[in-house]
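The next block holds one structure in the form of structure tokens; read it before the comments.
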Amino acid sequence: MRNSVKWIVVCLSLISFSKVNSQTLEEELSAVYQQVDTAKTMNTYMSAAAQFELIANMYSDQYAANYYAAYSKAMVSYVEKDSKRRDLLLDAADMFYAKVKQIEPSNQETYILGALLANARLSVDGGSRWKVQGEIFEANLASARAINPSNPRINHLKGVAVFHTPKMFGGGKKNALEYLQKAEEQFAQEKETAVVKPHWGKNRNAFFLNQCKED
């Protein structure tokens, strides 16, 4: 029953989306981005991801359209509880990410999205994936850092990864705090321009930072 309700919500969102598909790419992305950036429920995440996928299919040659389709599915995977469904979501995200890499392979945000997807895979089964996905994660962050060390999403993703790493392996809230605080400083300096230039992470970083400060 719960899954049926979820898909009813998604279908209703798609009907609503079809009514405004005369908008520009930037307008369509901006409207949906506000949903996923403030999402707190599975239904909201799923609705946004479904709409981003429609946009990506309509603008299949556009970097931002494919970027957000991959990004939103990664975010849904973090909320989904079933491991198999999480991997299926990430399989779909990888298809859009492949297009992202074809369009702008050397964009710093392309590397950051690659790190996000690797981290999402790790969160499904860190015990058996830490070596392969961990290396992909770090390599992508290093590539992004070489282009722009001030990009806040680098420290944000590193902080979140450390947050979820067991203390015995150098993780935990205390060790994550440094990265998340640095990311907060960098987010404060980042100009939130048009949505076609990714600038996500500020709200999510604040959430994890508060979690670290609670202890």
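Out of the residues in region 40-96 that are outside any helix (DSSP H, G or I) and touching a residue at least 40 places away in the same chain (Cβ under 8 Å), state the one that is farthest from the chain's Cα centre (by Cα).
D61
Looking at G171, G159, just one residue is modelled with pLDDT under 95, closer than 25 Å to D125 by Cα and among the small types (G, A, S), and that residue is G171. If you go through region 60-73 and pick out every residue that is farther than 17 Å from A194 by Cα and out of contact with any Phe, Trp or Tyr (no Cβ under 9 Å at 6 or more places or on another chain), you end up with 2. Suppose we filter region 174-197 for residues that are within 19 Å of the chain's Cα centre (by Cα) and of a type in the set (D, E); how many remain? Matching residues across region 174-197 total 3.
For the structure I just gave you, tell me whether A118 is without any contact (Cβ under 8 Å) to a residue 60 or more places away in the chain, hydrophobic (A, V, I, L, M, F, W, C), touching a helix residue (DSSP H, G or I) at 6+ places or on another chain (Cβ under 9 Å) and crowded, with 16+ Cβ neighbours inside 10 Å. So A118 passes the test.
When you go through (1) under 15 Å from the mean Cα position of the chain (by Cα); (2) more than 18 Å from G114 (Cβ to Cβ); (3) not basic (K, R) one by one for G171, which number turns out not to apply? Status for G171: all satisfied but (1). If you go through region 149-199 and keep only what is more than 22 Å from Q133 (Cβ to Cβ) and either touching a strand residue (DSSP E or B) at 6+ places or on another chain (Cβ under 9 Å) or among the polar types (S, T, N, Q) (or both), you end up with S150, Q181, Q186, Q189, T193.
Answer yes or no: is there a residue in region 151-172 that is over 20 Å from G201 (Cα atoms) and either in contact with a Lys or Arg (Cβ under 6 Å, 6 or more places away or on another chain) or surrounded by 13 or more Cβ atoms within 10 Å (Cβ to Cβ) (or both).
yes
Output the residue which, of all residues in region 200-213 that are free of Cβ contacts under 8 Å to residues at least 60 places away in the same chain and touching a Lys or Arg at 6+ places or on another chain (Cβ under 8 Å), is surrounded by the most Cβ atoms within 10 Å (Cβ to Cβ). The extreme case among them is G201. Scan region 100-144 for residues that are out of contact with any Ser or Thr (no Cβ under 7 Å at 6 or more places or on another chain), among the basic types (K, R) and at pLDDT 95 or above and jot them down. Correct list: R121 only.
Of the numbered criteria (1) farther than 25 Å from L25 by Cα; (2) surrounded by 22 or more Cβ atoms within 10 Å (Cβ to Cβ), the one A69 fails is (1).
Here's the yes/no breakdown for (1) under 14 Å from the mean Cα position of the chain (by Cα); (2) in a helix (DSSP H, G or I); (3) not hydroxyl-bearing (S, T, Y):
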position	(1), (2), (3)
L116	yes, yes, yes
N119	yes, yes, yes
S123	yes, yes, no
R129	no, yes, yes
Q133	no, yes, yes
A146	no, yes, yes
I154	yes, yes, yes
K158	yes, yes, yes
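Please verify whether region 184-200 includes one or more residues that are outside any loop (DSSP other than H, G, I, E, B), farther than 12 Å from P152 by Cα and at pLDDT 90 or above. Checked region 184-200: no residue is outside any loop (DSSP other than H, G, I, E, B), farther than 12 Å from P152 by Cα and at pLDDT 90 or above. State all residues of region 198-215 that are under 14 Å from the mean Cα position of the chain (by Cα) and of a type outside the set (F, W, Y); if no residue qualifies, say none. Result: P198, H199, G201, K202, N203, R204, N205.
The values are calculated or read from the model by the stated rules, or taken from the named source; none is laboratory data. None of the values given here were measured: they were computed from a predicted structure. Reconstructed Cβ throughout: ideal geometry from the backbone, glycine too, with neighbour counts over all protein chains shown.
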